[in-house]
Amino acid sequence: MLRRLPATLLAAFGAATLSACVSFGSKPPPFLLTLDADAAPAAGQARTAGEDQALTILIPTAPQKLRTQRIPVQQDDASVAYVKDAQWVEAPQRLFQRLLSETVAARTSRVILDEGQYLTAPGEQLAGQLVEFGVDEATNEAVVVYQAMLVDAGGKNVTQRRFEAREPIGGKIEAKPVGTALTTAANRVAGDVAGWLAG
């Protein structure tokens, strides 16, 4: 014969059952990291380009270890860990693409578009792969490697170039110093890419 349980006991039992079945995820990091460009185009500056003169900068592809908002640490040739409590505000490929667009726009006279902006022909296209965007534990450095691929407006000619920058972390592998070092390295790569495109 069933007995009627007190309402408080039923509520406690229900909460315990729910907590056993539902996970609300891990504890969020205390802050999120982003990339700030060292250079940005001047406000109010107008630029004009024909459809074959604009430059569309595409979001780079990336290996699996970078398809996350966490920061990888290459421990050796076969092992990858992630920096504790370090998380980007969005995927690093998108952050790098935006920083690259800002830098190229500031340091060249090109009209810069991204893949969601062009209405007719995209002009030249800068694609590529973000090969490395993390920490080399052996050297205690932030490493950014970008394999660029420039396709002309007609889609007939392709030029490739690899860019790399390393920046000492200068201490423990922790979220803030790693984020600062990666921002510095990413800006150096973006500046080198802008110089290549301008030349």
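Bear in mind that the values in this text are calculations on the coordinates, not laboratory data. If you're wondering where the values come from, they're calculated on a predicted model, not measured in any experiment. Here the Cβ positions follow ideal geometry from the backbone for every residue, glycine too, while neighbour counts run over all protein chains shown.
Label positions at ASP38 and THR61, each projected 7 Å from the Cα along the C-beta direction, are separated by 3.0 nm. Placing pseudo-labels 7 Å out from each Cα toward the beta carbon at THR68 and SER109 gives an inter-label distance of 4.6 nm.
Report note on the peptides 168-179, 96-107, 81-92: ranked by the mean count of other C-beta atoms within 10 Å, highest first, their order is 96-107, 81-92, 168-179. Scaled against 2.2 N^0.38 Å for its residue count N, the alpha carbon radius of gyration of segment 52-198 is 1.08. Would you mind checking segment 68-95 for residues with the amide N under 13 Å from a putative spin-label position 7 Å along Cα→C-beta of LYS176? Label zone hits: none. Here's the list of lysines a cross-link from LYS176 could span, going by alpha-carbon distance under 22 Å and ignoring same-chain residues fewer than 8 apart: LYS27, LYS65, LYS84. Each peptide in 158-165, 123-130 gets a packing score, the mean of other Cβ atoms within 10 Å over its residues, and the list from highest to lowest is 123-130, 158-165.
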